[in-house]
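Participant: Take this structure first; my questions come after.
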Amino acid sequence: MNDKLRKQFLEEGFVVVPALFSQYETGSLRDHYMRLRETGSYPGDTAGVDIGSDDPLKRYPRMIHMHRWDEMSLRWMIDARLNECMTALLGREPYAVQTMLYFKPPGARGQALHQDQFYLNVQPGTCMAAWMTLDKSDEENGCMRVIPGTHRMDLQELQKKTDVPNVLSSQIDPSMVDESRAVDCVLGAGGVSVHHPNIIHGSNANNSARRRCGLTIRYIPTTTKIQLKWDVTPDGRFPSAFLLRGEAVPGVNNYNPRPKYVPGEHMPFKGCESWI
Ligand SMILES: O=C(O)CCC(=O)C(=O)O
């Protein structure tokens with residue numbers, strides 16, 4: 001992450017970091033998620049997998065908060081390269097709060113234009129998304145599209161949108177945005193785009209014969225408060241904010257303890273000694 005990218009983020013509300021991860025790494029991660037999706041159901045699934053459905057999103061529904069139950073997701077969430085990127089853009093250490101995976105197989109609907117902050121229960125709205133593409137993503141298979149500079153806009157109400165099928169069945173009032181200014185984030189597998197929570201963005205349908213799998217990881221600084229609404233542990237915490245290093249700002253959030261590596265119980269991995 002260099003000064004040029006930091007300046008671009010401030011001015012445009014997003015940056016694209018091509019090939020932050022290797023094709024080999026992202027291929028393994030993608031195969032891991034495909035295997036998980038094809039073989040089970042998980043906490044956070046809104047519906048089961050319907051392998052006979054005509055709707056590609058019912059055959060491959062999105063997964064959420066995988067890091068709560070999948071060690072590989074947790075390790076990616078705290079990856080040093082992502083940490084470095086997000087620290088540079090947030091100006092302080094990022095705290096990991098959410099993982100989400102869209103498989104986006106051929107024929108899958110897109111996501112109409114929206115601002116993430118509309119859906120996020122954090123104040124101030126500094127929850128940033130690192131969106132990593134696990135397949136080559138381009139105009140044909142529905143890559144991420146952003147409207148530069150719209151991160152300076154206030155949060156806009158969403159309207160119902162059902163004429164063009166889209167994942168959220170809603171969109172920003174089209175009179176508020178000039179969609180012709182949208183930029184396609186064309187990326188090879190392993191590329192990452194980082195988004196400000198207010199930037200207007202979305203994606204078109206996958207009109208190709210190729211999958212377009214994308215992993216979103218969200219981060220906040222410790223000064224940002226997670227508003228506790230429906231997703232709360234019995235002892236009053238948001239279940240998946242991990243304080244992985246540094247110090248919490250007192251009185252803002254209660255973080256989960258740092259996960260531990262337990263020899264004999266967990267599969268060893270590079271650097272596992274420092275997680276005991
Ligand atoms: O993965 C996509 O196609 C869009 C994802 C997106 O806009 C989001 O997660 O906010």
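The values are calculated or read from the model by the stated rules, or taken from the named source; none is laboratory data. Here the structure is a predicted model, which is why all the values come from computation and not from measurement. Cβ atoms come from the backbone with ideal geometry, glycine included; neighbour counts cover every protein chain shown. Note: accessible area is taken over every heavy atom of the protein model, side chains too, but ligands, DNA and RNA are not part of it. Shrake-Rupley method; radii C 1.70, N 1.55, O 1.52, S 1.80 Å.
Participant: Within the stretch 171-218, which residues are under 25 Å from VAL122 (Cβ atoms) and over 19 Å from the mean Cα position of the chain (by Cα)?
Facilitator: ILE172, ASP173, MET176, VAL177
Participant: So in the stretch 135-194, with the set limited to residues that are of a type in the set (A, V, I, L, M) and in contact with an Asp or Glu (Cβ under 7 Å, 6 or more places away or on another chain), which one is farthest from MET34 (Cα to Cα)?
Facilitator: VAL186
Participant: Regarding the stretch 132-139, can at least one residue be identified that is within 9 Å of the ligand (Cβ to nearest atom), within 21 Å of LEU10 (Cβ to Cβ) and buried (at least 23 other Cβ atoms within 10 Å of the Cβ)?
Facilitator: Within the stretch 132-139, not a single residue is within 9 Å of the ligand (Cβ to nearest atom), within 21 Å of LEU10 (Cβ to Cβ) and buried (at least 23 other Cβ atoms within 10 Å of the Cβ).
Participant: Which numbered condition trips up GLY125, out of (1) in a strand (DSSP E or B); (2) under 16 Å from PHE9 (Cβ atoms)?
Facilitator: (1)
Participant: Also, quick follow-up: Take ILE172 and decide whether it is farther than 25 Å from ARG30 by Cα, at pLDDT 95 or above and buried (at least 19 other Cβ atoms within 10 Å of the Cβ).
Facilitator: Answer is no for this residue.
Participant: In the stretch 6-117, which helices (runs of 4 or more DSSP H) lie fully inside it and hold 1 or more residues that are crowded, with 21+ Cβ neighbours inside 10 Å and modelled with pLDDT of 95 or more?
Facilitator: Hits in the stretch 6-117: 23-39.
Let's see how each residue does on (1) touching a strand residue (DSSP E or B) at 6+ places or on another chain (Cβ under 7 Å); (2) assigned to a loop (DSSP other than H, G, I, E, B); (3) open to solvent by less than 80 Å² (accessible area, probe 1.4 Å):
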position	(1), (2), (3)
ASP154	no, yes, no
THR162	no, yes, no
GLY190	no, yes, yes
ASN198	no, yes, yes
GLY202	yes, no, yes
ASN206	no, yes, yes
